[in-house]
1. Name the residue that is most open to solvent (accessible area, probe 1.4 Å), counting only residues in the range 24-42 that are of a type in the set (A, V, I, L, M) and free of Cβ contacts under 8 Å to residues at least 40 places away in the same chain.
2. Can you tell me which of Glu110, Glu119 is farther than 24 Å from Asp61 by Cα, open to solvent by 70 Å² or more (accessible area, probe 1.4 Å) and not aromatic (Phe, Trp, Tyr)?
3. Does at least one position in the range 164-186 carry a residue that is open to solvent by 60 Å² or more (accessible area, probe 1.4 Å), more than 27 Å from Tyr127 (Cα to Cα) and in contact (Cβ under 8 Å) with a residue 40 or more places away in the chain?
4. Within the range 145-170, track down each residue that is in a loop (DSSP other than H, G, I, E, B) and touching a Leu at 6+ places or on another chain (Cβ under 7 Å).
5. Among Ala21, Ala13, which is the only one that is hydrophobic (A, V, I, L, M, F, W, C), under 17 Å from the mean Cα position of the chain (by Cα) and exposed (fewer than 13 other Cβ atoms within 10 Å of the Cβ)?
6. Just name the residue that is surrounded by the fewest Cβ atoms within 10 Å (Cβ to Cβ) out of those in the range 56-94 that are at pLDDT 95 or above and more than 18 Å from the chain's Cα centre (by Cα).
7. Which residue is nearest to Asp147 (Cα to Cα), if the candidates are limited to the range 30-47 and must be among the aliphatic types (A, V, I, L, M) and not in a loop (DSSP other than H, G, I, E, B)?
8. Every residue in the range 36-54 that is more than 18 Å from the chain's Cα centre (by Cα), of a type in the set (D, E, K, R) and within 18 Å of His188 (Cα to Cα), please.
Amino acid sequence: MTAADAASSLTAALWRERRAAGPPVGHTFKGAYADRWVRFHSLPGSKRYPESEDEYAVVLDRYNTVLDELFAGGDVFVVTMDWSYTPDGPAGFPSPREELHPGGVRWWTESDTDDPDPESHTHTRLYADRRPWRRGCIDDLLCAVADEAVVEVFVTDTELRRIHHPYDGGADVVLATPAERDRLRERHSAWLSGHRSGL
């Protein structure tokens, strides 16, 4: 086993220990951690996709501002995803994931095999690397997320206490406690949805 494999195994074990409510799949975080979850929108007026350099700058500033508050001064895991019809087959949809996350090591496979037809089975594959958090260090990846060129990306500290899941249009953030979530939500109240559900 290589050092990368060992680190990945520890990460998977830590996820099962700390995040037993569900798998490490970004779109599930809202339901699994509703009492510590908040969603921020990436652009004024809840606009979904940036269309100019100025709008990309706003998107990156909002992503990085929250990421800095969560992770400045520490290491993070950056996690990306692809999926396939077989556990080790080619990705089911082309994306720039490998180009944007070349250091990602596969550490988790979440398989959906409920359908009796094996041709309908899918396998979500997650890749992680560890790095010191620095503002701007994943800007290319964040821009691809904003364009929906890659999906199910998330960033977490090495103890998995806080999670930032950017998506096209915003970011779902899971905090360590409800009180911490409330403080973050208040600091960036201008970026919240006007919808009662917070979506």
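The values are calculated or read from the model by the stated rules, or taken from the named source; none is laboratory data. Model, not experiment: these values are computed from the prediction. Cβ: placed from backbone, ideal geometry, glycine included. Neighbour counts: every protein chain shown. Areas reflect the complete protein model, heavy atoms only, side chains present, ligands, DNA and RNA absent. Shrake-Rupley method; radii C 1.70, N 1.55, O 1.52, S 1.80 Å.
1. Restricting to residues being of a type in the set (A, V, I, L, M) and free of Cβ contacts under 8 Å to residues at least 40 places away in the same chain, the top hit is Ala34.
2. Glu119
3. yes
4. Result: Val150, Val153, Leu160, Arg162.
5. Selected residue: Ala21, the only one of Ala21, Ala13 that is hydrophobic (A, V, I, L, M, F, W, C), under 17 Å from the mean Cα position of the chain (by Cα) and exposed (fewer than 13 other Cβ atoms within 10 Å of the Cβ).
6. Checked the range 56-94; the qualifying residue surrounded by the fewest Cβ atoms within 10 Å (Cβ to Cβ) is Gly73.
7. The extreme case among them is Val38.
8. Lys47
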